[in-house]
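Have a look at the structure below before the remarks.
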Amino acid sequence: MTRRLLMTADAVGGVWQYAIELARGLARDGWAVDLASLGPAPSRAQRLEADQAGVTLLDTGLPLDWLASDAREVIAAADAVARLARERGADLVQLNQPALGVASFAMPVVAVVHSCVASWWEAAGDGPLPPSLRWQTDLVARGLARADAVVAPSTALAATVYRLYPKVPIPLAIHNGRSLPPASGPMHDFAFTAGRLWDRGKNVATLDRAAARLGIPFKAAGAATGPHGEHARVEHLHLLGHVGDEVIAGCLSARPVFASAAVYEPFGLAVLEAALAGCPLVLSDIPTFRELWEGVATFVPADDALGFAAAIEELAGDVPLRVARGALARRRALTYTPERNRRAMATLYDRLIDGGAKVAA
């Protein structure tokens with residue numbers, strides 16, 4: 001008998017890529033997958049992507065938790081998702097926004113923590129969590145506590161989540177994955193980074209200072225202004241803006257030195273995409289990157305602009321070393337596949353549907 005999954009997603013960032021990759025694999029395995037999109041409407045390209053993945057895209061128009069103005073908006077959205085799951089006859093729900101777990105669901109719920117305000121603030125904030133963010137953390141805590149299973153994309157984040165939310169099921173660490181073709185373009189000399197440049201957790205300021213000391217261009221792809229008015233102030237990075245996947249793929253095909261100075265990174269899909277393209281990696285020395293890229297990347301303290309500049313220059317100036325480190329990165333990246341993610345998630349779904357009990361690590 002066909003099993004039906006309702007999975008939430010958003011069209012804003014990496015959660016969309018994660019959800020599409022997972023949904024595509026599940027659909028091939030015979031699952032009926034409903035992808036309920038919250039927040040800004042999916043683009044025409046994203047709608048086509050969902051259709052080609054064999055899933056049903058439901059553009060709910062409901063607010064995203066981190067863009068909502070107050071708790072009532074999120075609770076109302078959670079109730080609407082729970083109703084939608086009942087109407088669609090879902091056997092299981094995967095919430096990629098754990099705060100939505102505050103609603104009463106008639107079927108098992110898997111909450112996936114791609115990031116959360118509390119762990120982000122701990123890494124990138126200053127002082128105690130402000131009241132303007134505390135209500136979001138409270139909703140996440142309530143949603144996680146009601147979930148039948150909690151998943152994080154790295155062991156590092158899973159440990160942090162359990163420390164910050166000790167009343168939740170022990171999170172399972174299931175790595176993300178990406179499927180991208182190998183790079184095929186000629187090699188060019190530049191450094192590259194990608195992501196939400198406005199996000200303090202990405203720590204673009206360190207890379208901007210490093211760029212001032214480089215003899216090669218340092219390109220940065222991604223939005224420089226956030227939804228709440230946050231803005232990345234840079235002087236030396238060459239900003240490409242919020243560009244599409246094809247532009248990023250074109251940059252990565254030149255196998256630049258890819259750098260991330262993030263102080264907060266639950267997984268890092270941009271790093272994985274760069275590694276799949278054969279780019280050598282220069283990364284901040286944080287637990288997530290050590291877990292995923294130990295023995296492959298060059299690690300630098302997150303606030304050490306001189307260290308980043310030196311590491312980038314060394315790789316850019318030594319072509320054999322650059323090629324060798326890029327090949328190492330690609331070999332490691334090929335172990336983080338959508339197939340492995342899908343198998344682990346499907347196994348978890350089956351345990352919950354057949355067993356009916358909460359699952360802990």
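What list of whole percents do you get for P(r) of the stretch 83-159, with Cα-Cα distances grouped in 10 Å bins up to the one holding the largest distance?
With 10 Å bins starting at 0, P(r) equals 19, 45, 27, 8, 1.
Check which residues have an amide H placed less than 5 Å from ILE170's amide H, if you skip close sequence neighbours.
Long-range HN contacts for ILE170: ALA361.
What is the stretch 44-118's relative contact order, in percent, from Cα pairs under 8 angstrom and six or more apart in sequence?
On the way: 72 pairs, mean separation 17.5, N = 75.
Dividing the mean separation by the residue count of the stretch 44-118 yields 23 percent.
Hand me the trypsin sites (Lys or Arg not before Pro) from the stretch 196-272 located in a DSSP loop with no more than 10 other Cβ atoms within 10 Å, in residue order please. Before the final figure, lay out each step's value.
Details: sites: ARG196, ARG200, LYS202, ARG209, ARG213, LYS219, ARG233; in loops: ARG196, ARG213, ARG233.
Those that pass, being in a loop and sparsely packed, are ARG233.
Can you work out ³J(HN,Hα) from phi for every residue in the stretch 127-143, in order, using Karplus 6.51 cos²θ - 1.76 cosθ + 1.60 and θ = phi - 60°, giving whole Hz and x for Gly and Pro?
x, x, 4, x, x, 5, 10, 5, 5, 5, 4, 4, 5, 4, 4, 5, x
Within a Cβ distance under 10 Å of GLN17, other residues only, what is the Lys/Arg minus Asp/Glu net charge?
Within the 10 Å Cβ shell, the charges total -3.
Could you pull out the GluC sites (Glu not before Pro) across the stretch 277-361 that fall in loop regions by DSSP (anything but H, G, I, E, B) with no more than 13 other Cβ atoms inside 10 Å? Show your work: numbers first, answer last.
Working: sites: GLU291, GLU294, GLU313, GLU314, GLU339; in loops: GLU294.
Counting only loop positions with at most 13 other Cβ atoms within 10 Å, the GluC sites (Glu not before Pro) in the stretch 277-361 are GLU294.
Loop-only check: which GluC sites (Glu not before Pro) in the stretch 180-287 are DSSP coil with at most 10 other Cβ within 10 angstrom?
Details: sites: GLU230, GLU235, GLU246, GLU273; in loops: GLU230, GLU235.
Answer by residue number: GLU235.
For the chain, which whole percent of the accessible surface, found with a 1.4 angstrom probe, sits on carbon and sulfur atoms? Can you show the working numbers first?
Details: 7970 of 15080 Å².
Its accessible area is 53 percent carbon and sulfur atoms.
Where does the chain land at 222 nm, in deg cm²/dmol rounded to the nearest 500, when only DSSP H runs of n ≥ 4 count, each adding -39500 (n - 2.57), divided by all residues?
Numbers: 13 runs with 154 residues, N = 361.
Result for the chain: -13000 deg cm²/dmol, rounded to the nearest 500.
Binning at 20 angstrom from zero up to the longest distance, how are the C-alpha pair distances of the chain distributed in percent?
With 20 Å bins starting at 0, P(r) equals 30, 58, 12, 0.
From Cα coordinates alone, what are the radius of gyration and Dmax values for the stretch 176-292 in angstrom?
Rg and Dmax of the stretch 176-292, Cα atoms, are 13.4, 39 Å.
The values are calculated or read from the model by the stated rules, or taken from the named source; none is laboratory data. Quick caveat, the model's predicted, so the values are computed rather than measured. For neighbour counting, all protein chains shown are included, and Cβ atoms are generated from backbone atoms with ideal geometry for every residue, glycine included. The area values use the complete protein model at the heavy-atom level, side chains included, leaving out ligands, DNA and RNA. Shrake-Rupley method; radii C 1.70, N 1.55, O 1.52, S 1.80 Å.
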